[in-house]
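Report on the following structure.
The values are calculated or read from the model by the stated rules, or taken from the named source; none is laboratory data. The model shown is predicted, which means the values in this text are computed figures rather than measured ones. Reconstructed Cβ throughout: ideal geometry from the backbone, glycine too, with neighbour counts over all protein chains shown.
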Amino acid sequence: MEITTIGLDIAKNVFQVHAEDCAGRVVFRKRLRRAQVLEFFAALPSRCVIGLEACASAHYWARELAKLNHVVRLVPPAYVKAYVKRGKNDAIDAEAICEAVRRPNMRFVPIKSIENQAVLVLHRVRGQLIRQRTKLSNMLRAHIGEFGLVAPRGKLLELVAIIADAGDERLPRMARIALQEVVAELDTLERRIETFEKEIIAFHKSNAVSRRLASIPGIGPITATAIAASVPDANGFESGRHFAAWLGLTPKDHSTGAKQRLGRISKMGNGHLRSLLVVGATSVLNRARKGSAPIHAWMRKLLLRRPPRLVTVAYANKMARTAWAVMARAEVYRPEMALPRQ
């Protein structure tokens, strides 16, 4: 029997292989150590379709197996789960992956290049540093607030100045010593974040897709580079709506019969991109409401009957669809791209 399809359950050290022929009959099941994986697939007599779950290290293994002239498909873990019959072990998971990758209507995750993965690592580490900065800022405000010293949002430097002033008797010496360490850590975090942002900007300037995406209102270099690195091929999505659904920006569908019931957005898919688009949409809406930027007619009408947060998410959905059009058509943004579908 000739092997045509393989389900590969990857891990840190132990890998499980499930191989089937063109008729779906099991050819073999095999367990491999990490050092044996590439040697094993290089020795296979024919070109195979290899399915992997799109999890940690999957893109690395996909690139390596593709070099061996195999066709590699990354399947979202949520779609593999439906083919797990019962129980949970490596052999069952590998069989489920093999079954899922054979489905003609299965959706696959595009394989990322090394450069794209490196950019996303920058984004993730930057995001972690920003969360640490926020945590320390809140801690500083909380501790110094115990002495009746507060400052409005965005005025943290006023508190920093009080901590640095040894002659200010409103803050005890011991508290000042502790909070000076917090301020020093905040300064260090700020410099590290700036270093990452410079690297991201450099990638943005060198990447044509990222530059086109930045022409969309509400999308800056940070969001543009994240989308460009996360979506190697926009044509993998049938339409802008499919891309928005992949980001979790479309409503959940609970329709039945002739009744259409749409709920809140699904929040499935890439949460990092979704949050960046929502933040960008919020910025656009805030500037529009202040009169410093034009507002779409449909947004103005929607604001009359819906809360601002809902309008923000709706505009983030439009931004996602526009981003797909910009990438799929290799064009810069045009205002008509963002018009709602009639």
Going by what's in this entry, would Thr195 be described as hydroxyl-bearing (Ser, Thr, Tyr), surrounded by fewer than 22 Cβ atoms within 10 Å (Cβ to Cβ) and not in a loop (DSSP other than H, G, I, E, B)? yes
With respect to Ala234, determine if the residue is touching a residue at least 24 places away in the same chain (Cβ under 8 Å) and surrounded by 19 or more Cβ atoms within 10 Å (Cβ to Cβ). yes
Inside segment 275-310, the number of residues satisfying the requirement of being of a type outside the set (S, T, N, Q) and within 22 Å of the chain's Cα centre (by Cα) is 9
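Pick from Val279, Val311: which is in the same structural domain as Gly218 (by TED's automatic domain parsing) and either touching a Gly at 6+ places or on another chain (Cβ under 8 Å) or farther than 17 Å from Gly220 by Cα (or both)?
Details: Val279 fails: either touching a Gly at 6+ places or on another chain (Cβ under 8 Å) or farther than 17 Å from Gly220 by Cα (or both).
Step by step, each of Val279, Val311 is checked, and only Val311 is in the same structural domain as Gly218 (by TED's automatic domain parsing) and either touching a Gly at 6+ places or on another chain (Cβ under 8 Å) or farther than 17 Å from Gly220 by Cα (or both).
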Between a residue in segment 38-49 that is closer than 22 Å to Asn13 by Cα and any residue that is among the hydrophobic types (A, V, I, L, M, F, W, C) and assigned to a helix (DSSP H, G or I), which pairs come within a Cβ distance under 7 Å, given they are 6 or more apart or on different chains? Phe41/Leu65
Among (1) under 26 Å from the mean Cα position of the chain (by Cα); (2) under 20 Å from Ser113 (Cα atoms), Ala78 falls short only on (2)
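Which one of Gly291, Gly271, Gly240, Gly263 is free of Cβ contacts under 8 Å to residues at least 40 places away in the same chain and surrounded by 11 or more Cβ atoms within 10 Å (Cβ to Cβ)? Walk me through it before giving the result.
Numbers: Gly291 fails: surrounded by 11 or more Cβ atoms within 10 Å (Cβ to Cβ); Gly240 fails: free of Cβ contacts under 8 Å to residues at least 40 places away in the same chain; Gly263 fails: surrounded by 11 or more Cβ atoms within 10 Å (Cβ to Cβ).
Criteria check complete, one pass: Gly271.
Which members of segment 62-103 meet the condition of being of a type in the set (A, V, I, L, M, F, W, C) and crowded, with 19+ Cβ neighbours inside 10 Å? It would help to see each step written out before you state the result.
First, the residues of segment 62-103 that are of a type in the set (A, V, I, L, M, F, W, C): 62, 65-66, 68, 71-72, 74-75, 78, 80, 82, 84, 91-92, 94, 96-98, 100-101.
Hits for segment 62-103 are Ala62, Leu65, Val72, Leu74, Val75, Val80, Ala94, Ala96, Ile97, Cys98, Ala100, Val101.
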Restricting attention to segment 86-108, which residues are within 19 Å of Phe28 (Cβ to Cβ), charged (D, E, K, R) and in contact with a helix residue (DSSP H, G or I) (Cβ under 8 Å, 6 or more places away or on another chain)? Asp93
Yes/no for Val37 being modelled with pLDDT of 95 or more, among the β-branched types (Val, Ile, Thr) and part of a helix (DSSP H, G or I): yes
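Before we move on, is Ser215 among the hydroxyl-bearing types (Ser, Thr, Tyr), part of a helix (DSSP H, G or I) and surrounded by 14 or more Cβ atoms within 10 Å (Cβ to Cβ)?
Values: among the hydroxyl-bearing types (Ser, Thr, Tyr): yes; part of a helix (DSSP H, G or I): no; surrounded by 14 or more Cβ atoms within 10 Å (Cβ to Cβ): yes.
So Ser215 does not fit the description; no.
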Checking Ala56 against (1) over 23 Å from Met106 (Cα atoms); (2) free of Cβ contacts under 8 Å to residues at least 12 places away in the same chain; (3) not basic (Lys, Arg), only one condition comes out false. Which one? (1)
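Name the residues in segment 220-231 that are closer than 17 Å to Arg126 by Cβ and not polar (S, T, N, Q), would you?
To start, the set of residues in segment 220-231 that are closer than 17 Å to Arg126 by Cβ comprises 220-230.
Answer for segment 220-231, where residues must be closer than 17 Å to Arg126 by Cβ and not polar (S, T, N, Q): Gly220, Pro221, Ile222, Ala224, Ala226, Ile227, Ala228, Ala229.
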Go through (1) in contact with a Ser or Thr (Cβ under 8 Å, 6 or more places away or on another chain); (2) assigned to a loop (DSSP other than H, G, I, E, B) for Arg241 and report which single condition fails. (2)
Selection from segment 116-151 of residues more than 14 Å from the chain's Cα centre (by Cα), surrounded by 12 or more Cβ atoms within 10 Å (Cβ to Cβ) and of a type outside the set (A, V, I, L, M) yields Gln132, Arg133, Ser137, Arg141, His143, Gly145, Phe147
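Determine, yes or no, whether Val27 is part of a strand (DSSP E or B) and free of Cβ contacts under 8 Å to residues at least 60 places away in the same chain.
Details: part of a strand (DSSP E or B): yes; free of Cβ contacts under 8 Å to residues at least 60 places away in the same chain: yes.
The answer is yes for Val27.
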